[in-house]
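The values are calculated or read from the model by the stated rules, or taken from the named source; none is laboratory data. Computed from a predicted model, the values in this text were never measured in an experiment. As a convention, Cβ positions derive from the backbone with ideal geometry for all residues, glycine included, and neighbour counts pool all protein chains shown. Surface areas here come from the heavy atoms of the whole protein model, side chains and all, with no ligands, DNA or RNA. Shrake-Rupley method; radii C 1.70, N 1.55, O 1.52, S 1.80 Å.
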Amino acid sequence: MRAIYKRELRSYFFSFTGCLFAAVNLFVMGLYFVVYNMLMGYPTISYVLQSIVFTFIVTIPILTMRSLSEERKNKTDQLILTSPVSVGKIVLGKYLALVTVLFIPTAFMGILPFFLMQAGEFSLGVSYAALLGFFLYGSLALAVGLFLSSLTENVVIAAVLSFGVLFLGYIMPGVSNLLSTTGTTEVTRVIGRVLSCFDMVSRFDTLSTGYFEVEAVVYYLSAIALALFCTAQSIQKRRYNISGGGFKPGAYSVTGILLAIALTVLANLGLNYVPEQYSSFDLTENKLYALTEETEEFLAGLSEDVTIYMLSEEEAGDANLAKTLERMADQSGRLRVEYVSPAKNPNFYKNYTTQQLSEGSLIVEGEKRSRVVDFGDIYTYDMDYSTYSYQTTGYDGEGQIVSALAYVATEDMPVFYAVGGHGELELEEKFASTIKKENASCEQLMLYSVDEIPQDAQGLILNAPTGDYSKEDAKKVLDYLEKGGNALIVSTLAEGEMENFKSILAFYGITEVDGTIVEEDRNYYYQNPYYLFPKIETAQVTAALAEGLVFAPFSRGLSYEDTSDEIHYTPLLTTSESAFSKTDIKNSGDYEKKDTDIDGPFVISVEVEKAVDDGVVSHAFLVGGESMFTGIADDMAPGNNVRLFSGMISALADREASVAIPVKSLAMSTLTFKAQTAYIAAVLCVIVVPLTVLITGGVIWFKRRKR
């Protein structure tokens, strides 16, 4: 086999075909690499590979058409067929030579990520998963081309057949999906599902997203093995004809081919019975497809049977949502997922809601109640003002499903009241939706309009008031807290003394440190010493933040006495020892410490539990960062400020764990290159490297021809 491999490999480069194949692929790779990665700054090469895979439809038939057809035409194959070498080794030697030629441009592409890593955050896992899929797809295309080359002695026919089959494999995702989802009969849908077996691209696309599926790898490897086996059977038949043995049972076995097909199908079907968590791996930076620990814990404790209906054909549903549902179903035996065809059951959703639902929406049904999750809520969108169009910025499938599951399985629905009328910051949608995910409601409360805090209040939210409370308003809040009420209180640097608001803080033994915190330890601020990344202390509510950061710009320190039998303090966010509080920030033009400034360290956020009556406890979270619970602050520590907020709401709602899973960002960081670097890369990748390979191949071919 080694001799055949060396002979074939030399022939590809001596005949110029191998160098031409490598040069063309390197040129196309380089061109798309410069556009996508160098100019547009995409932090992964998956976009490049997805864009250039179509070139295999043309280049691989040219590479494989002569591998067996020309030898058969020139009768030179008889020397090999009559040699004491097994057919399997003949086929494998030729195939490995083809794969080696493919490996050259693939290896070059595999080097580029190390260069891109120098320009910013780069998705290494996604890139190499895409590269593996690219190589496996190309290897399968080579195996198919080799098989078709063994069927004819005409190289043109071999090339046309290869082109046709590879083209069908490239467009098969659309054809099979169209038949299986829009077919009017069950037979048509079955045909669509059968045709999906010839879909050569979808598995590569899946790997290119960073979702590493063992099923995709097994599909390519098993399909390659089947194609090579069929090639061996084709050669075996010819070998017996040449040796004069005629046709013999077993020499060219249709039964053997059918058995090989059956084994290939069984190998792929068998993976359907392997739980998703063991057969697939999330390689994305933000773990887009993997379930969070909070979700796994929630599903493990699910105490009743729940059915999730997805209003879509199974083959046409949103891929990200389908993966999330499959992983959840694998995680809990109490969760069942069913797909409902909108074409067959157009009125199914009317049993649960009167609103019109879009295709792909979910209906979560428990034993007590149900909830609808519209597909429009699965993704988040932001306006791109450069194009005046909405861009998809986040995936919230996991968060919406967990929230719905908690809703249908929860006995009570707590109510939080956001106090208004004193210049409080209004909760942004990102944080208001977090309360909804916790299966609680949040209502606006103007204290002047009520005689007392409503009895159904699970807690109050006092979000950075800029004006003082009246004595009457403060008394209403204090009366509520003295009865065991809960609160989330965000302090702010406001004009005036705010005496009545401070009386609410004093109920918990809290006083505000005068001024605004300046952090001198470079490890705990971002660019500006007022932009704090405080220490995250160990506590139940901060458990989900252990490896992250919380952004707390322009924060105030909170001071309190030691924990006692009556009141217990748990610090959540603190500064370093070198921090100080600048008391005159408005008249200070620098960050230098003055004699009037106050030395740290400081507590920025604290959890308080105060015994107010026999067995009754008032539970509160106090925060000194007025902008901490805003979208701008959360964007600086993606998702962690929301996680802290949801943890506080969950604790005030007496939940064992938070069920508010943050939106998973789809936004990508952008690579930045100097213009000179981009120019040099363009010249090297698009011109120098492909031209060098082409010239080298031409020189070798010309020298061989002169001999």
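A few remarks follow.
- Which numbered condition Asp634 misses (of (1) open to solvent by 30 Å² or more (accessible area, probe 1.4 Å); (2) out of contact with any strand residue (DSSP E or B) (no Cβ under 6 Å at 6 or more places or on another chain)): (1)
- Selected residue (criterion: farthest from the chain's Cα centre (by Cα)) from residues of region 300-320 that are closer than 13 Å to Val364 by Cβ and open to solvent by less than 70 Å² (accessible area, probe 1.4 Å): Glu304
- Sub-8 Å Cβ pairs linking a first residue in region 341-360 that is among the acidic types (Asp, Glu) to a second residue that is at pLDDT 85 or above and surrounded by 16 or more Cβ atoms within 10 Å (Cβ to Cβ), at least 6 apart or interchain, are Glu359/Leu311; Glu359/Ser312; Glu359/Pro342; Glu359/Phe375, ordered by first then second residue.
- A single entry from Phe33, Phe13 fulfils the requirement of being part of a helix (DSSP H, G or I), open to solvent by less than 50 Å² (accessible area, probe 1.4 Å) and farther than 30 Å from Ser202 by Cα: Phe13.
- Total residues in region 124-148 satisfying the condition of being hydroxyl-bearing (Ser, Thr, Tyr), open to solvent by less than 20 Å² (accessible area, probe 1.4 Å) and farther than 13 Å from Ala223 by Cβ: the figure is 1.
- Any chance Thr692 is without any contact (Cβ under 8 Å) to a residue 12 or more places away in the chain, within 30 Å of Phe21 (Cα to Cα), more than 28 Å from the chain's Cα centre (by Cα) and open to solvent by 10 Å² or more (accessible area, probe 1.4 Å): yes
- Qualifying position, being surrounded by fewer than 16 Cβ atoms within 10 Å (Cβ to Cβ) and either of a type outside the set (Phe, Trp, Tyr) or free of Cβ contacts under 8 Å to residues at least 24 places away in the same chain (or both), among Ile661, Ile700, Ile680: Ile680
- The residues of region 304-325 that are at pLDDT 85 or above and not in a helix (DSSP H, G or I), listed by number, are Glu304, Asp305, Val306, Thr307, Ile308, Tyr309, Met310, Leu311, Ser312, Asp318.
- No other residue among Ser559, Ser578, Ser650 is among the polar types (S, T, N, Q), open to solvent by less than 10 Å² (accessible area, probe 1.4 Å) and at negative phi apart from Ser650.
- Within region 1-51, the set of residues being touching a Pro at 6+ places or on another chain (Cβ under 9 Å), within 26 Å of Thr670 (Cα to Cα) and among the small types (Gly, Ala, Ser) comprises Gly30 only.
- Leu671 passes every criterion in (1) among the aliphatic types (A, V, I, L, M); (2) in contact with a strand residue (DSSP E or B) (Cβ under 9 Å, 6 or more places away or on another chain); (3) open to solvent by less than 60 Å² (accessible area, probe 1.4 Å) apart from (2).
- Per the listing Ala464, Ala457, the residue uniquely open to solvent by 10 Å² or more (accessible area, probe 1.4 Å), hydrophobic (A, V, I, L, M, F, W, C), modelled with pLDDT of 90 or more and within 30 Å of Ala506 (Cβ to Cβ) is Ala457.
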